[in-house]
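Read through the structure below, which is laid out as structure tokens, and then see the notes.
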Amino acid sequence: MKKRTVLVTGGAGYIGSHTVLALQDRGWSVAVLDDLSSGHRSAVADGAAFYVGDISDSRLVLDILDRHKISAVVHFAGSLSVPESIEAPLKYYSNNTSKSRDLLAATLEGGVGTFIFSSTAATYGIPADSLVSERSIQQPINPYGWSKLMTERMLIDTAAVNPLTYGILRYFNVAGADPNGRIGQSTVGATHLIKVAVEAALGKRGHVKIFGADFPTVDGTGIRDYIHVSDLATAHVLALEHLIVSPGSPLILNCGYGHGYSVNEVLDTVDQVAGTKLSRVIAPRRPGDPPSLISDSSLLRSKLPWKPLYADLELIVSHALEWERSLTDRLS
Ligand code: UFG
């Protein structure tokens, strides 16, 4: 396989920056396009060409595609908080839907035929099945999920009539940090549970709120399938290589481990790994939160030679904690 350059949008963000490293580790060259609205310049790996700009700026995108002879686009740039999407739906339909449309149009115009899209388990809404497969009904319950689902549809419809192969990866709950400590999640004002909990473990927050203890789950708290960001990054590289080798076979894959943990179990693990006793405050359910989301990951494992290396909640938490400590050290 001829490894040319890949354009990674959102490559200065959390999952994007880990995927840039994974691509480089497998011998790919990378160009990053990021508007730095939430990403960080320092998260972009050395050796990657870096452009600050908007994915809907077609002229800029076409220029990058041409200048670097780009062979594939891996599209992460977007907004990713469920609660924020409820407060600001148009921001989500702009950043995740309409700007993706512009990026896709420029990708086609630039003659690039491989596109990987970062989608989400939030497209399933409240699943009827305890294990969610790619065939489960997609009925989002928040604007975030809808904004991503519309882009999925756009890709499928566009690929039907254009020389385009797509990969749609639906992430479950992404957490952890690069095991070698090179990067991690640096989001300011994060809302994601493991990030919030490790911040609290290091005294950056006074307590952790548990959003709902009355769900129909083992202990009443929400259940999610947490996947290590580096295993997810590897899934992208393998999906890319599959699409390049088999352009006629698009991929739609759930990305999770197939194991769910409740909020209380996550907090217990943080306590155990960090040696803390977090202050937990029961709060009302958060609008738009399903009780349980666990991936059926059999398709990911059968379609790609994906062998997760960090499918262990303690490991995920300890990498997240190490990264959080290093952030503290850098600021002090
Ligand atoms: N939670 C708390 N307290 C917090 C933060 C979260 O109790 O301070 C709970 C939530 O209510 C939920 C669970 O922890 O039950 C996980 O919440 P996150 O905010 O960490 O993540 P979400 O499940 O809301 O959303 C994430 C991603 C989405 C993705 C989804 C798929 O942001 O992109 O996982 O499961 F679609």
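Might you check whether a residue that is in contact with a Lys or Arg (Cβ under 6 Å, 6 or more places away or on another chain) and either within 9 Å of the ligand (Cβ to nearest atom) or open to solvent by 30 Å² or more (accessible area, probe 1.4 Å) (or both) occurs anywhere in the range 128-136?
no
Inspect the range 42-49 for any residue being open to solvent by 50 Å² or more (accessible area, probe 1.4 Å), touching a strand residue (DSSP E or B) at 6+ places or on another chain (Cβ under 9 Å) and within 24 Å of LYS148 (Cα to Cα) and give the result as yes or no. Show your work before the answer.
Step one: list which residues in the range 42-49 are open to solvent by 50 Å² or more (accessible area, probe 1.4 Å), which gives 42, 46-47.
Narrowing the set further to residues that are touching a strand residue (DSSP E or B) at 6+ places or on another chain (Cβ under 9 Å) leaves 47.
From what's left, within 24 Å of LYS148 (Cα to Cα): none.
No: zero hits.
Among the helices (runs of 4 or more DSSP H) contained in the range 175-284, which hold 3 or more residues that are within 20 Å of the chain's Cα centre (by Cα), under 16 Å from GLU324 (Cα atoms) and at pLDDT below 95?
none
Considering only the range 287-310, how many residues are assigned to a loop (DSSP other than H, G, I, E, B) and open to solvent by 60 Å² or more (accessible area, probe 1.4 Å)?
Matching residues across the range 287-310 total 4.
If I filter the range 228-245 for residues that are open to solvent by 60 Å² or more (accessible area, probe 1.4 Å) and more than 10 Å from the ligand (Cβ to nearest atom), do I get at least one hit?
Within the range 228-245, one or more residues are open to solvent by 60 Å² or more (accessible area, probe 1.4 Å) and more than 10 Å from the ligand (Cβ to nearest atom).
Would you confirm whether or not the range 52-74 contains a residue that is out of contact with any strand residue (DSSP E or B) (no Cβ under 6 Å at 6 or more places or on another chain), β-branched (Val, Ile, Thr) and either open to solvent by 40 Å² or more (accessible area, probe 1.4 Å) or under 11 Å from THR5 (Cβ atoms) (or both)?
Yes; the residues of the range 52-74 include at least one that is out of contact with any strand residue (DSSP E or B) (no Cβ under 6 Å at 6 or more places or on another chain), β-branched (Val, Ile, Thr) and either open to solvent by 40 Å² or more (accessible area, probe 1.4 Å) or under 11 Å from THR5 (Cβ atoms) (or both).
Would you check if there is a residue in the range 103-118 being of a type outside the set (Gly, Ala, Ser), open to solvent by 20 Å² or more (accessible area, probe 1.4 Å) and over 18 Å from MET154 (Cβ atoms)?
No, every residue in the range 103-118 fails to be of a type outside the set (Gly, Ala, Ser), open to solvent by 20 Å² or more (accessible area, probe 1.4 Å) and over 18 Å from MET154 (Cβ atoms).
The values are calculated or read from the model by the stated rules, or taken from the named source; none is laboratory data. As the structure is a computational prediction, the values presented were derived from the model and not from experiment. Neighbour counts are summed over all protein chains in view; Cβ atoms, including those assigned to glycine, are modelled from backbone coordinates with ideal geometry. Note: areas computed on protein heavy atoms with side chains; ligands, DNA, RNA excluded. Shrake-Rupley method; radii C 1.70, N 1.55, O 1.52, S 1.80 Å.
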